[in-house]
Amino acid sequence: MNDLLGVVDWSRAQFALTAMYHWLFVPLTIGLSVIVAIMESIYVRTGDTKWKGITKFWMSLFGINFACGVATGIILEFEFGTNWSNYSWFVGDIFGAPLAIEGIVAFFMEATFVAVMFFGWNKVSRRFHLAATWLTAIGVSLSALWILVANAWMQNPVGMAFDPEQMRNVMDNFTEVAFNSVAMNKFFHAVFSGWVLAAVFVIGVSSWLLWRKRNVEAARKSLKIASWFGVASMVMTLWTGDGSAVEVARVQPMKLAAMEGLYDGQVGQSLVAVGFVNPDKKPGDDLESILFEMSIPYGLSILANHNPNTFVPGINDLIAGRTITAEGDTIYGDSYADRIAMGKAAREALTRYAEAKSAGNEAAMNKAKQEVLDNFKYFGYGYLDNAEQAVPPVALTFYAFRVMVMAGGYLLLLFVALLFVCYRRTAVLEKPWLHWLGIISIPVVWICSQAGWVVAEVGRQPWVIQDLMPTRAAISDITTGSVQLTFWIFAVLFTMLLAAEISIMLRYIARTSKNNIEQPE
C-alpha cells in the first residue's frame, strides 16, 4: 500500500511538473501568434515597411517560444501511457479522440503554415503570407481547443457509456464530448488568458526598450497594440471566467467549496475577498474554517448561480448530501457515504459479471451488468475509504484562486493605465518607474496563469475523472523509484529548456534592439 501511494504521489508530481512547465510556453504561443497577425495586418493594409520590421521582431520571439512548447507538450502526452495506463485503458476510446484530432488537424495546420510565416517573406505575396500568419494563429488555438476538450471531459464526463464486456468506457456521442459546456468555457477562458499573458509580455519587452532608449518608436507602437489587446482580452477573460464559475458550481461543487474554504453553506452565501484558511479545519469538526476574512455579501451565490438568494453548498453539506431551499427547507440527496456504498456495489457487481462470463452464466451476467449500470455514476467512490478522501486540498485551492483574481485585477488596471498614458500623458512614457512597472508585470502574469491551472487541477482532486476514477486507481504498474528517477530527469531537462529559452530571448532582444527593427531585412 505504501508503495502504491508513493507511485500515485510521485506520478501526480511528475505530471504536475510537466504540465506547469508546458503551460509556461503555451499561453504565450497562443497570444503572441494573434498579436503578430494583427501587426502584420497593419503592415499589409498600410504598406508601411516599419510595421513589417516590428512584425518580424515579435515573430522571432514567437518562434523561439513555439519550439519549446512543442517539446514539453510531446512528453506530457506520453505520460498518459507511461504513468497512467489504467486511466488510458479505462477511457482511451474517449480521451484519445480529441488528442488525435489535435495532432492530425490542428498541429499539422500549425506546422504547415508556421513554415510559410518564417520562410515565406519575399517568396509569396503579402496577402498569402498574412493568411499563413492568421492560419498559424488559428491552428494554435484549435490545438488548445482539442486538448482542453479532453481535459474538460475529465472534469465533466459526458457522451459515453460503460461497457462491462470490455470493462471500459466507450464514446456514444461525439457531439456531447466536443461541445461539452465545461470545455467551451474552459477553452475561451484559457485562450483569452493567453492573450492577456502575451499582451503583458509585449508591454514588458517594450518597456525595456523604452528604458534603454532603443527603438523608441517601435516600442511605443507595440505598447499601444498590446494595451488595446490586453484590455479587450481581460474583459473577455473575466466574462468567460464568470461562465466557468457557473459550470464549476454545477458539475464540481466540491471544487467551488474548496476555492472558498466553505464548509457550511447558506442561502445568500458571501464571497471571501481576503482571508486566511484554518489549517487545522477538518470536515465535521467545530473549528472555524476561515481565521480572518473580508467578504462580499451574497457574492458567492451571485458568482455560482447569478442569483443572490440561492444556496451554495459547503464541504460538510456536500458530504451529507444536504441542500437548502430559498424558503429555508433542508433537502437530503445522495450523501458521500451513499456514493461510496454505490461505488463499491458497482465494483463488486463488475467482479461478479466477470465471474459469470467466465462460467458462461448469461442470466447472472445480465443481473450483474444491470447492477453495475445502476450504480456506475458513483463508480469512482468505490475506491475511497471515507468521505474525507473526496475533499481536495482546501488551502492550496483557496489561496491559488485569490492569487489569480488579485493578479488579474492588477493587470486590468495596468492595461487601462497604459492606454491613458499612451494617449493622454505621453510624457510619462519616458519615466523609468513606468518602464519597470511594465517589466515586473511579466512574472505577475505568469503567476496569475499558473494559479489558474492550480485551481482547475488541484481543485478537482482526488479525481482523474470526476466521480468515476480517482488518481489511486489510474496509475500504471510501475515502481516508485522509476517515477522518482524520471521526475528528477524531467525537472533538470525542463529547467534547462526554460533557462535556454529565456537566455535566447534575452540575447535576441538585446542584439536586435541595437539596430533599427523598423528596417526589415
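Structural remarks
- Counting the residues of the range 321-341 that are of a type in the set (A, V, I, L, M, F, W, C) and buried (at least 19 other Cβ atoms within 10 Å of the Cβ) gives 1.
- Against the numbered list (1) in contact (Cβ under 8 Å) with a residue 12 or more places away in the chain; (2) assigned to a helix (DSSP H, G or I), residue 309 comes up short only at (2).
- Test result for residue 308, within 25 Å of residue 389 (Cβ to Cβ), open to solvent by 30 Å² or more (accessible area, probe 1.4 Å) and not acidic (Asp, Glu): no
- Complete set of residues in the range 162-217 that are within 30 Å of residue 357 (Cα to Cα), open to solvent by less than 10 Å² (accessible area, probe 1.4 Å) and either of a type in the set (Lys, Arg) or more than 29 Å from the chain's Cα centre (by Cα) (or both): 164
- Filtered residues of the range 322-349 (kept if of a type outside the set (D, E, K, R) and either in a helix (DSSP H, G or I) or modelled with pLDDT of 90 or more (or both)): 335, 336, 337, 340, 341, 342, 343, 345, 346, 349
- Residue match in the range 284-294 (condition: in a helix (DSSP H, G or I), of a type in the set (A, V, I, L, M) and open to solvent by less than 30 Å² (accessible area, probe 1.4 Å)): no
- Which listed residue is without any contact (Cβ under 8 Å) to a residue 60 or more places away in the chain, open to solvent by less than 10 Å² (accessible area, probe 1.4 Å) and either part of a helix (DSSP H, G or I) or of a type in the set (Ser, Thr, Tyr) (or both), from 25, 62, 57: 62
- So residue 220, is it open to solvent by 10 Å² or more (accessible area, probe 1.4 Å) and not in a helix (DSSP H, G or I): no
- Residue list for the range 65-90, restricted to those being part of a helix (DSSP H, G or I), open to solvent by less than 30 Å² (accessible area, probe 1.4 Å) and of a type outside the set (A, V, I, L, M, F, W, C): 65, 69, 72, 73, 79, 87
- Residue among 477, 467 that alone is at positive phi and open to solvent by 20 Å² or more (accessible area, probe 1.4 Å): 467
- Any chance residue 45 is touching a Ser or Thr at 6+ places or on another chain (Cβ under 7 Å) and either charged (D, E, K, R) or surrounded by fewer than 19 Cβ atoms within 10 Å (Cβ to Cβ) (or both): no
- Just one of the listed residues (205, 140, 200) is of a type in the set (A, V, I, L, M), within 19 Å of residue 240 (Cβ to Cβ), modelled with pLDDT of 90 or more and assigned to a helix (DSSP H, G or I), and it is 200.
- Flag for residue 34 being open to solvent by 10 Å² or more (accessible area, probe 1.4 Å), more than 30 Å from residue 476 (Cα to Cα), part of a helix (DSSP H, G or I) and among the hydrophobic types (A, V, I, L, M, F, W, C): yes
- Scanning the range 10-54 for residues being touching a Pro at 6+ places or on another chain (Cβ under 8 Å) and modelled with pLDDT of 90 or more gives a total of 2.
The values are calculated or read from the model by the stated rules, or taken from the named source; none is laboratory data. The shown structure was predicted, so the numbers you read here are calculated from the model rather than taken from an experiment. All Cβ positions, even for glycine, are placed from backbone atoms using ideal geometry, and neighbour counts span all protein chains on display. All accessible areas refer to the heavy atoms of the entire protein, side chains included, with ligands and DNA or RNA removed. Shrake-Rupley method; radii C 1.70, N 1.55, O 1.52, S 1.80 Å.
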